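First comes the structure, then the notes that go with it.
Each reported figure results from applying straightforward, stated rules to the coordinates on display, with no laboratory input. Not measured: the values here are computed from a predicted model. Reconstructed Cβ throughout: ideal geometry from the backbone, glycine too, with neighbour counts over all protein chains shown.
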Amino acid sequence: ASKSPALLQTGKKKRLHHTALKCFPLCSLESRVTQIVHRAFWDSLQEQLTCDPPNYNHAVILLQEVKTMLQSLLLPGHVRLRSEMDEVLDMELIQQQVDHGVLDLHRLAGYIINTMASLCAPVRDPEVGALRNLKEPVELLREIFRVLGLMKTDMVNFTIQSLRPHLLQQAAQYERAKFQQILDKQPASLDNTTAWLQAAASEEASAVSARSPSPDSIGPVSTSAILNRAYIRLLHWDPQDHRYPETALMDRARMDALGRRLRTLVLEASVLLLTSTQCGVAVFSQQGFVGKLRQAEVLGLGETVLQQVTEAQRGQGGAQLPQESLDLLKGQISELWKHNNPVCMLIGEAWRNDALKLKCGRDRINLNVKFKFSICGLQNSNQLCLYKQLLQSY
């Protein structure tokens, strides 16, 4: 049988997981309960099928579910295949075969696998092919359900991909109308968002005014700049502040994760900057030194960093740093955890200045790229000299 055109297209593009089957974290209560329930169900089915004579009550229910899942994968043009499926997976006939003890479960499974092979995307061929090697009925049914679940996800993703151009044409108008409906019913429903944007607009206006040589040369405030500044504030949002903008609530978990990543990168860049200031660029030129240092600083600062520096200098055969310099480096690193640390503020300000220059909707903030000058070895000598001068007062 020929492949489904929809799933063939899905398989070619290899974009099968825009939408994924819902799964819970492995250590969560939901995951454990789900595993226990599933294990109990399949164990019960195993007991029924190994009885003498076998009890096919649950197996018949599963076959009905398999038929329903297969039918959901059919396209309007699959008229002959739909008719054939109704004939082979005729549940009344199957129940009669169960009542007379003549049900051939492996024959039905073979037909189901052949049908799945004709409908699945090419990327699923190995998994469908592996089903033919399974002989134990319970394991075979369990794997059939698993692969059918993946095939349904493939079909959903293809449908979304096909409808996406049409949805995008109507999305802005639809969202604007829905927002207006909400505002008409609840005029104060976006107070936090309004305050958030107003604060960002005020900050941007002050920044533009400070950069202008004269009051007459002040131009209009850019909307993109306001949005950039507003979203940067979300990366540093105080967890105790419950006035989170309503329009960003759905993305808060993602923004909080980005904020934690940003703080980690600021810490890494600060450690590397301090280490380079005390040890010089020569140590950083040693292959693998920066990578080892980045791993070390996250796990344990101070002593570990000093150990990496000492090993790098010993490997180069150069003179060891005096104990006074090592103690100074260790003390400066230990200060990085304090609020408003000047080194962390310096690195954070450098990132914010780069981020504020981006254009909304075109560029993406790549944290690793924005810290490249400091994390990947501080190779720009002009920047390094500038930061060393700024650190002299620290």
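Descriptive notes on the structure:
- Computed E for residue 100/residue 29 - FRET, C-beta separation, R0 51 angstrom, nearest 0.05: 0.70
- Karplus 3J(HN,Hα) series, Hz, for the range 190-196 with 6.51 cos²θ - 1.76 cosθ + 1.60 (x for Gly, Pro): 10, 4, 5, 5, 4, 5, 4
- Inter-label distance, nm, simple model (7 Å from Cα along the C-beta direction), residue 125/residue 194: 6.0 nm
- FRET E, pair residue 136, residue 160, Förster distance 25 Å, beta-carbon r, rounded to 0.05: 0.10
- Cut-off 15 Å between beta-carbons: net charge of the residues surrounding residue 139, Lys and Arg +1, Asp and Glu -1: 0
- The stretch between residue 353 and residue 111 holds 80.8 nm of extra length on full extension. This uses 0.36 nm per residue minus the Cα-Cα distance.
- Relative packing of 236-249, 64-77, which averages over residues the other C-beta atoms within 10 Å, highest first: 64-77, 236-249
- Using θ = phi - 60° and Karplus 6.51 cos²θ - 1.76 cosθ + 1.60, couplings along the range 253-266 (whole Hz; Gly, Pro as x): 4, 5, 5, 5, 5, 5, x, 5, 5, 4, 5, 5, 5, 4
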